[in-house]
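**Student:** I am attaching a structure below and will ask some questions about it afterwards.
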Amino acid sequence: MLLVRVLLRRALGFTRYVVFVAVIAALAASVALILYQAAVVAEVIIDAVRQGGLFPRSGKSLAVGLIEAMDVFLIAIVALVIGLGLHRLFVDETMPLLRWLKIDDLEDLKGHLISIVIAVIAVLFLRQAVERAGDLDLLKLSAALALMIAALVLFLSMRIHRKE
């Protein structure tokens, strides 16, 4: 019975390394998104220069392209934070992280992710605002996004209150 208990404990201890697969996948996704989107940004800038001239339409096209790129970069940061957070929580809790990226439990990881999601939502709204300036549907979109952000901020504030 003691041998079974020892073997079970070792097997369960080893399962935390299964999470390492998710860590590698998240980090690979982050790097791939960043590199791909950097190429997209270069292409957007080159296209704006090719269009020639300083026309409002060219500037709007450039702005929309760059805002969309920021959206993808933020999603890449989500993948990066997930990868680093899972590694810290399940594989190596002594791994040093940046000071602002303090992750001691799943609640910390969720808090960082929600903060980034709020930024992604804001960028999404900004992109829509630039594309549809003066459109009445923009008001509906802004109300829906404001409601979603308020719910996420409420979740974050409740999480902070629980930790104290």
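**Student:** Tabulate in residue order the Karplus-calculated ³J(HN,Hα) for the stretch 99-104, using 6.51 cos²θ - 1.76 cosθ + 1.60 with θ = phi - 60°, rounded to whole Hz; enter x for Gly and Pro.
**Tutor:** Values per residue, Gly and Pro as x: 4, 6, 9, 7, 10, 10 Hz.
**Student:** Another question about this same structure. Among Gly83, Gly13, Gly59, which one shows the biggest mean-square fluctuation in a GNM of the chain, springs joining Cα atoms closer than 10 Å?
**Tutor:** Of the options given, Gly13 has the highest mean-square fluctuation.
**Student:** Can you work out ³J(HN,Hα) from phi for every residue in the stretch 26-42, in order, using Karplus 6.51 cos²θ - 1.76 cosθ + 1.60 and θ = phi - 60°, giving whole Hz and x for Gly and Pro?
**Tutor:** With coefficients 6.51, -1.76 and 1.60, one gets 5, 5, 5, 4, 4, 4, 4, 5, 5, 5, 4, 5, 4, 5, 5, 4, 4 Hz.
**Student:** Could you give log10 I(q)/I(0) at q = 0.13 Å⁻¹ for the chain, computed by the Debye formula over C-alpha point scatterers of equal weight, without solvent?
**Tutor:** -0.82
**Student:** On to the next question. Each label point is 7 Å from the Cα along the Cα-to-Cβ direction; what then is the distance between the points at Arg10 and Val117, in nm?
**Tutor:** Placing both labels 7 Å along Cα→Cβ, they lie 4.1 nm apart.
**Student:** Once label points are set 7 Å from the Cα along Cα→Cβ at both Phe20 and Leu106, what is their separation, rounded to one decimal in nm?
**Tutor:** 2.2 nm
**Student:** Provide the per-residue ³J(HN,Hα) series for the stretch 144-154, in order, calculated from phi with Karplus coefficients 6.51, -1.76, 1.60 and θ = phi - 60°, each as a whole number of Hz, with x at glycine and proline positions.
**Tutor:** Per residue, the Karplus-derived 3J(HN,Hα) values read 5, 5, 4, 5, 5, 5, 4, 5, 5, 5, 4 Hz.
**Student:** Determine the dipole magnitude for the stretch 2-163: charges of +1 sit on the beta-carbon of Lys and Arg, -1 on that of Asp and Glu, nothing else is charged, the reference point is the Cα centre, and the result goes in debye to the nearest 20.
**Tutor:** With only Lys, Arg, Asp and Glu charged at Cβ, the dipole is about 540 debye.
**Student:** Kindly provide the helix-only [θ] at 222 nm of the chain, computed as the sum of -39,500 (n - 2.57) over DSSP H runs of four or more divided by all residues, to the nearest 500 deg cm²/dmol?
**Tutor:** On the way: 5 runs with 130 residues, N = 164.
It comes out at -28000 deg cm²/dmol, rounded to the nearest 500.
Computed from the coordinates by the stated procedures, all read-outs in this text should not be read as laboratory data. Source: prediction; values computed, not measured. All Cβ positions, glycine included, derive from the backbone under ideal geometry; neighbour counts span all protein chains shown.
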